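Input: a single structure, listed below in structure tokens.
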Amino acid sequence: MDLFEYQGKQLFARYGIPVSAGEPVDTVDDAVAAAGRVGYPVVVKAQVQVGGRGKAGGIKLAADADEVRTHAGNILGMDIKGHVVERLWIEHASDIAEEYYASFTLDRGAKKHLGMLSAQGGVDIEQVADENPDAIARIHVDPVEGLTEAACRAWVEAAGLNPRATDGAVDVLLKLYEAYVDSDCDLVEINPLILTPDGRVHALDAKVTLDDNADYRHPEWEEYRATQVLDERERLAKEKGLNYIGLDGSVGIIGNGAGLVMSTLDVVNQVGGSAANFLDVGGGADAKVLSNAIEVINTDEKVKAILVNIFGGITRCDEVANGIVEALGRVAVKAPIVIRLDGTNAAEGRAILAPHESDRLISQPTMLDAARKAVELASN
Ligand code: GDP
Ligand code: MN
């Protein structure tokens, strides 16, 4: 689960990381009132879970109440890369001498935590990584040993920050690591981490992703869940208990097992198409789950064909076939369905589908054939 910037900053503050005084608000009047309390000049910041808010016009400095009123009015309701701004964070503006980048995430390959620190912050870190990879200092942290002050200091020195920032950066990064581990985060990112003209190091932005697997030991996350904005497809999938992730393409995907679904996305891509989603119905999926899956994909306007790729193990292909037939009877499926059934009870499954086959329901013998057919139908 991703947090909004203000939630990330509130979390950072609990670990002693310096952040600016601020308040979340939902209206222009509240923005003006909050600005009076945090003290001018202020920054009016769009709270949406997407990067590049500054470039999109969602971050504005305001020197007085009139400017807050203007900016808050403009930013509330603004669409930033498909995310509509419903909340603002009003914080006391900082003077910036330098902008850095800092993060911790899990390096699954190394089985360690990975810290990244760069003197080139404020901009897209992907761009720095592409154009100037040496500008990012990395540190692997063994989760059992933790991050020692000495290791942290050596890392900061390797990043080539202004020497005036060294002590402050070491302090922030040790606290950031503690927040990351203690709060069960998948990612903590500060971009920019700033050095102020008077020599303080301070988090000006916050990106935090919580590890949903640790949900059970964080009752306090309920507060975050209440503010999550799911798109309609994701909301419906969640309600039906499906493992669904929305993407941007035109081929709806249903498969059983995360690995098979990932491969299906790759194959669709390989034959020139693009997936509209990831949807894993899991092992042992029955007719009900299949028809729910089709129903969720059916709400996606972009879907022009649905590819069902099942390799039966625990999942039985006859159950899957029944699910498809049930879905066809229950919902008006807008896109043609291409299906590949293999494995347990594949012959029985195909026999169930046979009488229903048409140009709206097409069986294919292999995953590659099925992907080709779905992509062809999606591009018509
Ligand atoms: P993002 O564009 O979504 O990453 O939003 P940020 O919170 O990182 O803000 C974008 C940029 O706005 C920062 O890199 C800063 O250059 C600028 N900015 C944000 N807060 C302040 C502030 O308090 N003072 C000044 N001078 N600039 C700020
Ligand atoms: Mn930022």
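Values as computed for the structure displayed
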item: Where a residue in the range 81-109 is more than 22 Å from Ala165 (Cβ to Cβ) and its partner, wherever it lies, is more than 16 Å from ligand 2 (Cβ to nearest atom) and in a loop (DSSP other than H, G, I, E, B), with Cβ under 6 Å and at least six apart; result: Val85/Leu76; Val85/Met78; Arg87/Asp26
item: Members of the range 217-232 that are open to solvent by less than 100 Å² (accessible area, probe 1.4 Å) and farther than 24 Å from Val85 by Cβ; result: His218, Glu220
item: Residue among Ile75, Ile90, Ile59, Ile17 that alone is within 26 Å of Trp221 (Cβ to Cβ), surrounded by 17 or more Cβ atoms within 10 Å (Cβ to Cβ) and either among the acidic types (Asp, Glu) or within 16 Å of ligand 2 (Cβ to nearest atom) (or both); result: Ile17
item: Scope the range 30-56; condition among the charged types (D, E, K, R), more than 19 Å from Thr227 (Cβ to Cβ) and within 16 Å of ligand 2 (Cβ to nearest atom); matching residues; result: Lys55
item: Matching residues in the range 202-226 - criterion: being within 14 Å of ligand 1 (Cβ to nearest atom) and part of a strand (DSSP E or B); result: His202, Ala203, Lys207, Val208
item: Scope the range 35-66; condition away from ligand 1 (no atom under 14 Å from the Cβ) and either outside any helix (DSSP H, G or I) or out of contact with any Gly (no Cβ under 8 Å at 6 or more places or on another chain) (or both); matching residues; result: Gly36, Arg37, Asp64, Asp66
item: Test set (1) β-branched (Val, Ile, Thr); (2) away from ligand 1 (no atom under 16 Å from the Cβ); (3) closer than 27 Å to Asp30 by Cβ - Ile96 fails condition number; result: (2)
item: Single residue of Gly246, Gly241, Gly146 found to be surrounded by 15 or more Cβ atoms within 10 Å (Cβ to Cβ) and either out of contact with any Gly (no Cβ under 8 Å at 6 or more places or on another chain) or among the β-branched types (Val, Ile, Thr) (or both); result: Gly246
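Yes/no per residue for (1) within 16 Å of ligand 1 (Cβ to nearest atom); (2) open to solvent by 50 Å² or more (accessible area, probe 1.4 Å); (3) not hydrophobic (A, V, I, L, M, F, W, C):
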residue: Ile125; (1), (2), (3): yes, no, no
residue: Ile139; (1), (2), (3): no, no, no
residue: Gly160; (1), (2), (3): no, yes, yes
residue: Asp171; (1), (2), (3): no, yes, yes
residue: Ala179; (1), (2), (3): no, no, no
residue: Pro192; (1), (2), (3): yes, no, yes
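The values are calculated or read from the model by the stated rules, or taken from the named source; none is laboratory data. Quick caveat, the model's predicted, so the values are computed rather than measured. All Cβ positions, even for glycine, are placed from backbone atoms using ideal geometry, and neighbour counts span all protein chains on display. Side chains are part of the model used for accessible areas, which takes the heavy atoms of the whole protein and leaves out ligands, DNA and RNA. Shrake-Rupley method; radii C 1.70, N 1.55, O 1.52, S 1.80 Å.
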